[in-house]
Amino acid sequence: MMRKMKIFILCCSLPLFVLLFENAFWEKVAGQTGTVTAGQKFKNIKVLNDMPADQMGKVMNIMSASLGVDCNFCHISETEFDKDGKKEKDIARKMIAMTFMLNKDYFDGKLEVTCNTCHQGHSHPVSAISLPSVISPPRKTSENENKLRVDTILETYVKALGGKAALGKIKTRVIKARRIEADGKTTETEDVYLKAPNRSLMITAYGKYLVTEGYDGTAAWKRGDGENIALYADEAEQIKREAELFDVSNIKTIYAQMVFNATDKIKDREVYVVRATTAAGQRERLYFDVQTGLLVRRTASIMTVLGVFQFQVDYEDYKAFDGVKIPMTTRWSMPNLSWTRKALTVKNNIPIDDAKFENK
């Protein structure tokens, strides 16, 4: 029962299809041969053999979202992924091989064709032409104009939150919240602890099973009922980003490059889109509401062998506490997976020892 619970927790908090393995063994393999491949780590792999094993969950989610289906469309069951027996799984292998061939032979090896290119959320490829409204391409801007626009957008964001002086007075924050899964099920509690400039801790209760994840100012970590859960590099990066964005006055130090991209719309509201890149090369986009100045969405893109895996965070229902606004509703989304945090209480400047954020 506890093992089933662990798998359930991982599926809710990490990309689907990521199963528990003997991490020590695979770390040893990686140390001897470099990157662990899907062919080395998983059973009955026939076309994704050379793909890095840590992309398996993301690639499966990309395929599921692209076709609008769940695991059982291709797999016999969610506990026997390696077994054959369904024609859909055989067809999927042929489609993957075809996708690789098209990109290799017609796009000089660049990843241009993906599952979503043809399927677009349908189990069968979409053959009819869609007729979207015509949108003029954004006007290119100069480097100086880009910098000026980004500076203005960020200054407006800080003012919209309450201003630099008010933000500077908030040293810690404790949020008690409720986590809502995509199916509408609600966990008991989710406690969030934040401390300037870049420390965070989140404790989520699934009954008596606790999942904790944090950033101690240097490293990200995650535990399930006291046991360490291995994090992929991009997952650790997102935990770190949540901690860094607590102190938004330092937002320019988070990203090595920030460029105004264009205006867009989210739910019929106009937004400024800022393309950002971290020192580690992580590509993100920040969406700021043109009218309110508030950050309403952040996305991060991770490249896989079958296309871009996008991690998205939406910020809604801003409310002021001690003169500083925070989003009361935060929604995380990625291909075939999403969940929402709804804040219940918010308390600022409660003393929190640095040790609370350590992995122990």
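The values are calculated or read from the model by the stated rules, or taken from the named source; none is laboratory data. Owing to the predicted nature of the structure, the values given are computational and were not obtained by experimental measurement. Here the Cβ positions follow ideal geometry from the backbone for every residue, glycine too, while neighbour counts run over all protein chains shown. To get the accessible areas, we keep the full protein, side chains included, count just its heavy atoms, and leave off ligands, DNA and RNA. Shrake-Rupley method; radii C 1.70, N 1.55, O 1.52, S 1.80 Å.
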Would you be able to say whether some residue in region 232-250 is farther than 21 Å from Met334 by Cβ, in contact with a Ser or Thr (Cβ under 8 Å, 6 or more places away or on another chain) and among the β-branched types (Val, Ile, Thr)? no
Restricting region 257-279 to residues that are surrounded by fewer than 16 Cβ atoms within 10 Å (Cβ to Cβ) and of a type in the set (Ser, Thr, Tyr), the one farthest from the chain's Cα centre (by Cα) turns out to be Thr263
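Could you check region 53-107 and list, in sequence order, the residues that are β-branched (Val, Ile, Thr), out of contact with any Pro (no Cβ under 8 Å at 6 or more places or on another chain) and open to solvent by less than 50 Å² (accessible area, probe 1.4 Å)? Let's see the steps before the verdict.
Looking only at region 53-107, we keep the residues that are β-branched (Val, Ile, Thr), and these are 59, 62, 69, 76, 79, 91, 96, 99.
Of the ones still in play, those that are also out of contact with any Pro (no Cβ under 8 Å at 6 or more places or on another chain) are 59, 69, 76, 79, 91, 96, 99.
Matches in region 53-107: Val59, Val69, Ile96, Thr99.
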Lys319 meets each of (1) farther than 22 Å from Thr204 by Cα; (2) crowded, with 19+ Cβ neighbours inside 10 Å with one exception, condition (2)
Of the residues in region 218-256, those that are closer than 25 Å to Lys171 by Cα, loosely packed, with under 15 Cβ neighbours inside 10 Å and at pLDDT 90 or above come to Thr218, Ala219, Ala256
Wholly inside region 1-79, helices (runs of 4 or more DSSP H) that include 2 or more residues that are modelled with pLDDT of 75 or more and in contact with a strand residue (DSSP E or B) (Cβ under 8 Å, 6 or more places away or on another chain) are 56-67
For region 236-262, pairs from a residue that is touching a residue at least 60 places away in the same chain (Cβ under 8 Å) and of a type in the set (Gly, Ala, Ser) to a residue that is open to solvent by less than 30 Å² (accessible area, probe 1.4 Å) and in a strand (DSSP E or B), with Cβ under 8 Å and 6 or more apart or across chains, are Ala262/Val273
The residue that is modelled with the lowest pLDDT, considering only those in region 334-360 that are closer than 26 Å to Lys58 by Cα, open to solvent by less than 30 Å² (accessible area, probe 1.4 Å) and not hydrophobic (A, V, I, L, M, F, W, C), is Pro335
Here the residues within region 233-264 that are closer than 28 Å to Met56 by Cβ and not charged (D, E, K, R) are Ala233, Ala236, Gln238, Ile239, Ala243
Checked region 186-212 for anything touching a residue at least 24 places away in the same chain (Cβ under 8 Å), open to solvent by less than 30 Å² (accessible area, probe 1.4 Å) and either charged (D, E, K, R) or not in a strand (DSSP E or B) (or both); matches are Glu190
Condition (residue is open to solvent by less than 20 Å² (accessible area, probe 1.4 Å), without any contact (Cβ under 8 Å) to a residue 60 or more places away in the chain and of a type outside the set (Val, Ile, Thr)) applied to region 39-52: is it met by at least one residue?
no
When restricted to Gln291, Gln310, Gln282, the only residue open to solvent by 60 Å² or more (accessible area, probe 1.4 Å) and modelled with pLDDT under 95 is Gln310
- Message: Against the condition modelled with pLDDT of 80 or more and assigned to a helix (DSSP H, G or I), how does Lys83 come out, does it pass?
- Response: no
